[in-house]
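Enquirer: Have a look at this one.
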Amino acid sequence: MDTLFLLVVFIQTALLVFAIVWFFRRNDEVPLIIAGLTMFFSSYRYYAVTHGWGEWVETIYTFGLPPIADEDALEVLPLIAFGELVLMATYCLRMRRKLPVIVAEGLQRLPPRTVSSLLILGIVFFFLSEYSRGAAFNLTNSSYVFLLPLTTIGMATLLVAAWRFGALHTPFQKGVCLLIVTAAAYNNFGAFLRFQFVGLVIGITVVLSVFYAPRQRAAALLLGTLVALLAFSVGGVLRQADNVNDKEGAFQNLSSSWERLMAGEDANMLDGFAIVHFVYPELMDFTLGMEHLEVLIRPIPRELWPDKPVGGYVNKLGLRDASQGIVGISPSIYGSFYGEGGIIGIAVLAILYGLGLAAVTEWMTKLHPFLYSVMRGLFVAWMIPLLRGGDLPGIYAWLGMSSLTVLIFAWSNRRLLKQANQPATWLSPRPVSLQI
């Protein structure tokens, strides 16, 4: 076996072990998600393909670019490991707080009007999301209307947290919660929204587990991850099916889902990075921050700015073939970093993201525990599509739309939640265990 591959596996295994230790000592799953997901879509993907379990993406996706060979994937593997190391090291050096264990009590004291406003907010966005899936999108053809169902992710997370905190009492309140959670799961499960569905599952799992010490949390997170992976692979089967809406048929073909999971077919970010490596800098100059700038300019309608630059190397090089539909291979966040500035871009952006993720995590611990639980779930969920990389403006739009309902609820109840924030009763008096 290639020495370079073994070196990458050693580095990523060491980072994964460190992330596990960090989780049990700090109650913080962010490094664990970074290490686990990165290893799965990089060194594991390489091992699976080179041992005949799967194949590199078909050359139809590269639109005339060279087909991916084992050597091409091996060339970008160290770049992924380098980005992972810098990102995790920066985050852990900046992150100095142990995350709290929340006590599931206190929201019972909130006035019934607050709970009613939460339920009304959920019902309103439920109907808006259902309407946007049909008539509204056909009338406006707006991508933001199309993304409106993502608001049910935040709404479902809010309601699940409220139930867990003891704020939902009547069968009607709990029925509304179950309805919205079911709608969120149904609307975000499918061939093209698989990462959003994984985010929903992981987010709710995190919300339900913040009340436990790391040992108990580990079991809950493992169960949620297994459910998310299975559903993710089922969504991949849908993508290959004649009818991408045949969700029942996809679940019936679980053997294909398992085969796709073992082959890493749906975690082909290594393939995407290899394609990006073909493009930059041979066919295009490094974007030097323009992909991140697109996060700000993407919302500007093209009707107001007809000459707005197109995004993505596929569009910029004119490689998109309309007859093939929506085609794209995500290059991982490290591939997105590489497209911005090569190896230097990976180093600089990994440091900035590590600092940013740690700062946001520390900021969330200062929130009202109920909001902390919800925001923590959404934050961890958002990291799944973030690590996937690719369309960064779309990834940030996912975060914005899924957090919209949470922000509305937090703003409308800001005084009440601030008054109810009593760390002595909300946070577990027991420190997070330092034993593994």
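A short reminder: the numbers here are calculations on the coordinates, not readings from a lab. Because the structure is predicted, anything quoted here is derived from the model rather than measured. Note that each Cβ is placed from the backbone with ideal geometry, even for glycine, and that neighbours are counted across all protein chains shown.
Enquirer: Got a sec to turn the phi values of the range 351-356 into Karplus ³J(HN,Hα) couplings, 6.51 cos²θ - 1.76 cosθ + 1.60 with θ = phi - 60°, whole Hz, x for Gly and Pro?
Expert: 5, 5, 5, x, 5, x
Enquirer: Quick check on the range 264-417: what are the equivalent-ellipsoid semi-axes from the Cα gyration tensor, as sqrt(5λ), descending, whole Å?
Expert: That gives 32, 19, 15 Å for the three semi-axes.
Enquirer: If you stretched the chain out fully between W363 and E282, how much longer would it get, using 0.36 nm times the residue separation minus the C-alpha to C-alpha distance?
Expert: 25.0 nm
Enquirer: Find how much the distance from L128 to A69 grows on full extension, using 0.36 nm per residue of separation minus their present alpha carbon separation; answer in nm with one decimal.
Expert: 16.6 nm
Enquirer: Moving on. By a straight-distance test (C-alpha under 13 Å), which aspartates and glutamates pair with K98 as possible cross-link partners, with residues fewer than eight away in the same chain excluded?
Expert: D28, E29, E362
Enquirer: Report the net charge of residues surrounding V160, where surrounding means a beta-carbon distance below 13 angstrom and charges are Lys +1, Arg +1, Asp -1, Glu -1.
Expert: +3
Enquirer: Need one number: the % of Cα-Cα pairs in the range 258-301 sitting beyond the 16 Å mark.
Expert: On the way: 570 of 946 pairs.
Result for the distance tail: 60 percent.
Enquirer: By how many nm would the segment from V21 to S412 lengthen if fully extended, with 0.36 nm per residue of separation less the alpha-carbon distance?
Expert: Stretched out fully, the V21 to S412 stretch lengthens by 136.8 nm.
Enquirer: Check cross-link reach from K308 to the aspartates and glutamates: straight Cα distance under 20 Å, and skip same-chain residues fewer than eight apart.
Expert: Within reach: D285, E291, E294, E340, D391.
Enquirer: S336: net charge of surrounding residues, Cβ under 12 Å, Lys/Arg +1, Asp/Glu -1, itself excluded?
Expert: -3
Enquirer: Working from the alpha-carbon coordinates of the range 327-423, get Rg over Rh, Rh being the Kirkwood radius.
Expert: Rounded to two decimals, Rg over Rh is 1.07.
Enquirer: If you don't mind, there's one more thing I want to ask. If each of R94 and H169 carries a label point 7 Å out from its Cα toward its Cβ, how far apart are those two points in nm?
Expert: Placing both labels 7 Å along Cα→Cβ, they lie 4.4 nm apart.
Enquirer: Let me ask something else. For the range 346-403, rounded, prolate or oblate, judged on the Cα gyration tensor with a ≥ b ≥ c (square roots of eigenvalues), a/c < 1.5 rounded, else prolate if a/b > b/c?
Expert: Verdict is oblate for the range 346-403.
Enquirer: I would also like to ask the following. What FRET efficiency do you get for T13 and R113 if R0 is 45 Å and r is their Cβ-Cβ distance, rounded to the nearest 0.05?
Expert: E(calc), rounded to 0.05, equals 0.30.
Enquirer: If R0 is 30 Å, what FRET efficiency do you get for L6 and M290 from their C-beta distance, rounded to 0.05? Write down the numbers at each step before the final one.
Expert: On the way: r = 37 Å, r/R0 = 1.22.
Computed FRET efficiency for L6 and M290: 0.25.
Enquirer: Count the net charge of all other residues whose Cβ sits under 10 Å from the Cβ of E55, scoring Lys and Arg as +1 and Asp and Glu as -1.
Expert: Taking every Cβ under 10 Å from that of E55, the sum is -3.
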